[in-house]
Amino acid sequence: SGQINLSNSTCVATSDCFRDQLELNETSDDQYFSFTSCATPTVHDITPDYGTTHDIIRISGSGFSSVNCANE
């Protein structure tokens, strides 16, 4: 299969983001989460619209890492 399994310690991507770009959010059930918008990918398109278990899909967008395993 084309799946790659790597441990977290072997896949390290760095970010050029600054701590002051951290955004904190609260959900309706009082859960909190944070993210850095400059390090959060944006998905613009996923193709094909449908398929089977073994079909390859293409995800296009912006903000993906140049380190392939960080995008899995």
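Among the residues of the stretch 27-45, is any among the β-branched types (Val, Ile, Thr), assigned to a loop (DSSP other than H, G, I, E, B), at pLDDT 70 or above and under 16 Å from the mean Cα position of the chain (by Cα)?
Yes, the conditions are met somewhere in the stretch 27-45.
Restricting the first residue to the stretch 59-72 and requiring it to be touching a residue at least 60 places away in the same chain (Cβ under 8 Å), which pairs with a second residue that is assigned to a helix (DSSP H, G or I) meet a Cβ separation below 9 Å and a spacing of at least six or different chains?
That search, which allows pairs on different chains as well, returns Cys69/Thr10.
The values are calculated or read from the model by the stated rules, or taken from the named source; none is laboratory data. None of these values were measured; they are calculated from a predicted model. Cβ coordinates were reconstructed from backbone atoms using ideal geometry, including for glycine residues, and neighbour counts include every protein chain displayed.
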